[in-house]
Amino acid sequence: MGKVMPTATARTLVDHAWESGVRLFDTAPMYGHGLAEYRLADELMDRNRDEYALVTKVGRTLHPAPAGTFDTGPWRSTPPMRMEYDCSYDGVMRQVEASMQRMATDRFDVLLVHDTDRWTHGDQYRERSRKP
């Protein structure tokens with residue numbers, strides 16, 4: 001079972017990274033069911049947006065859901081948001097907008113598609129993707 005990272009520890013890590021010269025920050029809605037985005041946004045809020053690069057992922061949409069009704073994976077003490085795979089155009093556009101809101105930013109420098117492999121989705125996914 002994963003450990004809970006206190007907010008103060010997350011803040012310290014981001015601040016230490018910045019002080020060490022890190023200017024590329026990579027996150028995803030999947031990480032802590034949105035929590036990583038909220039925490040990173042909080043620490044970057046007062047920094048000049050032109051001074052760092054921001055990477056996030058698409059492929060999963062977060063939906064409000066009662067705590068305990070979905071699998072949180074390795075994360076603990078997450079926001080009550082379940083994940084659903086969606087790589088459709090509309091889904092990706094909604095995911096980007098939602099991530100921009102959680103990150104309090106007007107843009108991302110890089111978007112990556114998260115987990116489009118058969119290890120995540122199984123052989124059934126691979127077979128569906130081959131159909132014309």
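Worth pointing out:
- Fraction of antiparallel bridges per DSSP, the stretch 7-130 only, in percent to nearest 5: 40
- Note on Leu24 and Arg47: the extension gain reaches 7.0 nm, defined as 0.36 nm multiplied by sequence separation minus the Cα-Cα distance.
- 12 Å reach of a label modelled at Glu97, 7 Å along Cα-to-Cβ, counting backbone N of the stretch 5-49: none
- Charged neighbours of Ala65, selected by a Cβ distance under 13 Å, balance to -1 (K, R count +1; D, E count -1).
- The order of Ser20, Ser88, going from fewest to most other C-beta atoms within 10 Å of their C-beta, is Ser20, Ser88.
- Net charge of Cβ neighbours under 13 Å - reference Pro79; Lys, Arg +1; Asp, Glu -1: +3
- Whole-angstrom gap from the stretch 20-71 to the stretch 87-116, using each part's C-alpha centre: 10
- Relative contact order computed over the stretch 7-130 (Cα-Cα under 8 Å; 6+ residues apart), in percent: 27
- The equivalent ellipsoid that matches the C-alpha gyration tensor of the stretch 7-130 spans semi-axes of 27, 17, 13 angstrom, in descending order.
Every number in this text was worked out from the coordinates using simple rules, so none of it is lab data. A quick note: this is a predicted structure, and the numbers were derived from the prediction, not measured. FYI the Cβ positions are ideal-geometry reconstructions off the backbone, even for glycines, and counts take in every protein chain you see.
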